[in-house]
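Notes follow once the structure below has been shown.
The values are calculated or read from the model by the stated rules, or taken from the named source; none is laboratory data. Quick caveat, the model's predicted, so the values are computed rather than measured. For neighbour counting, all protein chains shown are included, and Cβ atoms are generated from backbone atoms with ideal geometry for every residue, glycine included. Quick note on the areas: whole protein, heavy atoms, side chains included, nothing else; ligands and nucleic acids left out. Shrake-Rupley method; radii C 1.70, N 1.55, O 1.52, S 1.80 Å.
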Amino acid sequence: MAALLQAATIALALGLAAVPGASADQTTVIDAKSNLGTWEGWGTSLAWWAVAFGTRDDLADAFFTTKTVTVAGKPLPGLGFNIARYNVGASSKNTYNGTKMAVSPKMIASRQVEGFWTDWASASPSSSSWNWGVDSAQRAMLAKARDRGANVLELFSNSPMWWMCANHNPSGSDSGTADNLQSWNYGQHAVYMATVAKYAADNWNVKFQSVNPFNEPSADWWKAGTGTQEGCHFEVNTQATVIGNLRKELDSRGLSGTIISASDESYYDQAVTAFSKLGSTALGQVARINVHGYQYASGKRDTLYSLVSKTGKKLWQSEYGEGDATGERMVSNMLLDLRWLKPTAWVYWQALDGGGWGLIDADNGAKSIASVNQKYWVLAQFSRHIRPGMKILDGGSDYSVAAYDASAKKLVVVAVNWGSAQYLNFDLSKFSTPGVDKAVVKRWVTQIGSSGTRYAAYSDTNISGKKFWSKFEKNAVQTFEVSGVVL
Ligand SMILES: *[C@@H]1O[C@H](CO)[C@@H](O)[C@H](O)[C@H]1NC(C)=O
Ligand SMILES: *[C@@H]1O[C@H](CO)[C@@H](O)[C@H](O)[C@H]1NC(C)=O
């Protein structure tokens, strides 16, 4: 902000210390020449929340449209997700040939997702070994997402069907560090995933873009004794075998255009290791690397990006979540992702959940919705503005990200002020046309925290020459849309 800048300059010239209470303003230069990839979208995994709430149109509207929708008594700006990840289940309650599923003592019932292939008698999807009637609520949300324009759909597995597992427990092996998929079922898990993908195309009008047969496979916490959800450890060489089998099974069903994504490791560093050990054959069959964000502020995001980008494969932040309802941790990790991991999609884990994990606070077991977490509006600042097809630019600092819409000549900047209240300046001098002088820059504000401003819109900021600026409260996130910008 010009006046403040002048004051600071005078203070410096006179050798004075900064005036107490007056904050320095900062300028970030948006790098018009950078290209961090073409954005594919934002999304959520379905799984437990959709098993609980999948028939609700209001929730489908809130996540998969940009309309205003009332949920839990609050008018919400729709988040405009276009990605949905469908979790094919691993559980079934039947007994077959005297055998039934083993259930961990701590299993949370709402996290048991019913699977379609209930016994090993037949691989034919029209046989009685398959029950296509299960998991109707999650399938309903998948269809609602598609009907509202979600055009990037992924099929993923947390564990193979229980009967494929060594201990018949889809929460994990006894040790957590040993594979739980029996070696004679390496092919069956691939048959399961491919059969569901094919059935969805033929019967649900759902064309999965990708199939991911693993979830956090290198983790050591998928254990029968302590498991609270479905999960399965896979050694990297087992992953490679299953990937090869899956490619074969998809191809033989006419799904050669369906890509395989892998391995949805928990940590950036595990993804680096798995990527390095997978081997050229399996790696050649994986079109996209999916990684989760559970290493939070740690981990070598840049190493993973550099490895993956050299191969021309896509890279997604395919799952992120934590228990901070304020949005603070989410934003700080998302900014790290966009700057260092450079994913082309960013997918939240459970849109509804308890303990601060949900965008909307809910109990998936009791099927009750409590309130909307501030993190919902924080995410809206990004997902409603950085849209599929935009080019992600280097925002010029660790507190800002930028995206460019070439056809609309629109620049989007999202920035966060972690410090005391101050003006942040955005320098557009690297653009050949930095917008129209004096034109309005639209902006939206959300206060990170337990309450405060929620996605409030303003038209009180103008371009001034080659820059614009705005006052930020501490821990405020603001989104700007600048028209008439040419790279
Ligand atoms: C059923 O169980 C018996 C006894 O364990 C076993 O010998 C047989 O092979 C099983 N049949 C099938 C179809 O799994
Ligand atoms: C900002 O833009 C609006 C709309 O074009 C205009 O009315 C107003 O005068 C501008 N303000 C400044 C300071 O340029």
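How do the strands (runs of 3 or more DSSP E) wholly within the range 437-487 filter down when requiring 1 or more residues that are farther than 24 Å from residue 387 by Cα: which remain?
It comes to 467-472.
Take the range 257-290 and flag every residue that is β-branched (Val, Ile, Thr) and within 17 Å of residue 156 (Cα to Cα).
258, 259, 260, 286, 289
If you take the residues in the range 125-135 that are away from ligand 1 (no atom under 15 Å from the Cβ) and farther than 23 Å from residue 102 by Cα, which one is least open to solvent (accessible area, probe 1.4 Å)? Give the derivation first.
Pass one, the range 125-135, residues away from ligand 1 (no atom under 15 Å from the Cβ): 125-126, 130-135.
So of that shortlist, the ones also farther than 23 Å from residue 102 by Cα come out as 125-126.
On the way: 125: 55, 126: 108 Å².
Top of the filtered list is 125.
Just checking, which of 482, 416, 445 is under 12 Å from residue 30 (Cβ atoms), at pLDDT 95 or above, more than 16 Å from ligand 1 (Cβ to nearest atom) and of a type in the set (Val, Ile, Thr)?
Just one listed residue meets the conditions, 482.
Exactly one of (1) surrounded by fewer than 20 Cβ atoms within 10 Å (Cβ to Cβ); (2) outside any helix (DSSP H, G or I) is unmet by residue 184. Its number?
Here residue 184 meets the rest and fails (2).
Considering the range 366-378 alone, what residues qualify as being assigned to a loop (DSSP other than H, G, I, E, B) and open to solvent by 50 Å² or more (accessible area, probe 1.4 Å)? Reasoning before the result, please.
Here is the first cut: in the range 366-378, the residues assigned to a loop (DSSP other than H, G, I, E, B) are 366-367, 373.
If the condition is that a residue be assigned to a loop (DSSP other than H, G, I, E, B) and open to solvent by 50 Å² or more (accessible area, probe 1.4 Å), then 366, 367 are the ones that fit.
Residues of the range 449-486 being in contact (Cβ under 8 Å) with a residue 60 or more places away in the chain and open to solvent by less than 10 Å² (accessible area, probe 1.4 Å), which ones?
476, 477, 478, 479, 480, 482, 485
Scan the range 175-217 residue by residue and report those that are in contact with a His (Cβ under 8 Å, 6 or more places away or on another chain) and aliphatic (A, V, I, L, M).
Within the range 175-217, 178, 181 qualify.
Looking at 270, 317, which one is in contact with a His (Cβ under 8 Å, 6 or more places away or on another chain) and surrounded by 22 or more Cβ atoms within 10 Å (Cβ to Cβ)?
Answer to the selection: 317.
From the list 227, 244, 257, 231, which one is assigned to a loop (DSSP other than H, G, I, E, B) and open to solvent by 10 Å² or more (accessible area, probe 1.4 Å)?
Result: 257 is the single residue among 227, 244, 257, 231 that is assigned to a loop (DSSP other than H, G, I, E, B) and open to solvent by 10 Å² or more (accessible area, probe 1.4 Å).
Hey, can you tell me all the residues within the range 407-448 that are within 16 Å of ligand 2 (Cβ to nearest atom), free of Cβ contacts under 8 Å to residues at least 40 places away in the same chain and closer than 18 Å to residue 32 by Cβ?
Listed by number, the list holds a single entry, 437.
Among (1) farther than 23 Å from residue 265 by Cα; (2) away from ligand 1 (no atom under 16 Å from the Cβ), where does residue 104 come up short?
All conditions are met except number (1).
Here are 287, 262: which of them is buried (at least 23 other Cβ atoms within 10 Å of the Cβ) and in the same structural domain as residue 206 (by TED's automatic domain parsing)?
262
Name every residue in the range 326-364 that is open to solvent by less than 50 Å² (accessible area, probe 1.4 Å), in a loop (DSSP other than H, G, I, E, B) and closer than 17 Å to residue 108 by Cα, in order of residue number.
Let us first name the residues in the range 326-364 that are open to solvent by less than 50 Å² (accessible area, probe 1.4 Å), namely 326-327, 330-335, 337-338, 341, 343-354, 356, 358-362, 364.
Checking which are in a loop (DSSP other than H, G, I, E, B) leaves us with 326-327, 343-344, 351, 354, 356, 358-359, 364.
Matches in the range 326-364: 354, 358, 364.
Quick one: in the range 101-117, which of the residues that are out of contact with any strand residue (DSSP E or B) (no Cβ under 7 Å at 6 or more places or on another chain) and of a type outside the set (Lys, Arg) is least open to solvent (accessible area, probe 1.4 Å)?
104
What do you reckon, is residue 318 under 11 Å from the mean Cα position of the chain (by Cα), polar (S, T, N, Q) and not in a helix (DSSP H, G or I)? I'd like the intermediate steps shown before the answer.
Working: under 11 Å from the mean Cα position of the chain (by Cα): yes; polar (S, T, N, Q): yes; not in a helix (DSSP H, G or I): yes.
Answer is yes for this residue.
Report, by residue number, each residue of the range 45-100 that is assigned to a strand (DSSP E or B), open to solvent by 50 Å² or more (accessible area, probe 1.4 Å) and away from ligand 1 (no atom under 16 Å from the Cβ).
Of everything in the range 45-100, those that are assigned to a strand (DSSP E or B), open to solvent by 50 Å² or more (accessible area, probe 1.4 Å) and away from ligand 1 (no atom under 16 Å from the Cβ) turn out to be 68, 70, 74, 75.
Here is a list: 293, 323. Which entry is assigned by TED's automatic domain parsing to the domain that holds residue 92, over 19 Å from residue 156 (Cα atoms) and of a type in the set (Gly, Ala, Ser)? Even if it seems obvious, please write down each step before you answer.
Details: 293 fails: over 19 Å from residue 156 (Cα atoms).
None of the others qualify; the one that does is 323.
So which residues in the range 388-439 are open to solvent by 30 Å² or more (accessible area, probe 1.4 Å) and within 25 Å of residue 149 (Cα to Cα), if there are any at all?
388, 389, 391, 405, 406, 407, 408, 409, 410
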